[in-house]
1. Going by average Cβ neighbours within 10 Å, how do the peptides 67-73, 23-29, 42-48 rank, with the highest at the top?
2. Which value in nm describes the separation of the simple spin-label points at Q90 and R36, placed 7 Å from the Cα toward the beta carbon?
3. Percent relative contact order of region 11-80, based on C-alpha pairs within less than 8 angstrom and at least six residues apart?
4. Answer rounded, prolate or oblate for region 28-85, using the Cα gyration tensor with square roots of eigenvalues a ≥ b ≥ c: rounded when a/c is under 1.5, else prolate when a/b is larger than b/c, else oblate.
Amino acid sequence: LLGQPQRAYEVAAELVRQFPVACLEFWAQWCAPCLRMKPVVEEVAAQFWGDIAFVRVSLDASPEARDRWNVTVLPTMIVTQKGQEAARWQGALTRRRMEAFLKPYAGGRRPEGHEPTAGQAPGRAGSS
């Protein structure tokens, strides 16, 4: 799914349906805090691999996501549980704060057969 930014919104919607816990990271190429957070998100996603499904959603490539998820600030991270929004963080996060933000939701497990495909980092279900 990497390299297919037009599909990020669909990937996010599918993750929310399929996984008990998902973390949607909304970002944009012009957003400096979003770009600074990228390596932190990747490290934390790897740490929570198996508990939380992660996907990056570019609002440049998927503007419909702005309305669907009511995203007004970038970066925004939304945690969903059983398809419903459970938590939201607006603005940049340090690694420690991101871990603390996600830790209460790290108990869900991925459905069987949902392992990363070639070229995906652990904990990353999609990216744009």
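1. Order by mean packing, descending: 23-29, 42-48, 67-73.
2. About 1.9 nm separates the two model spin labels.
3. The value is 51 percent.
4. Cα axes put region 28-85 in the oblate bin.
Coordinate-derived values only; no laboratory data. Not measured: the values here are computed from a predicted model. A quick note on method: Cβ atoms are made from the backbone with ideal geometry, for glycine too, and the neighbour counts reach across all protein chains shown.
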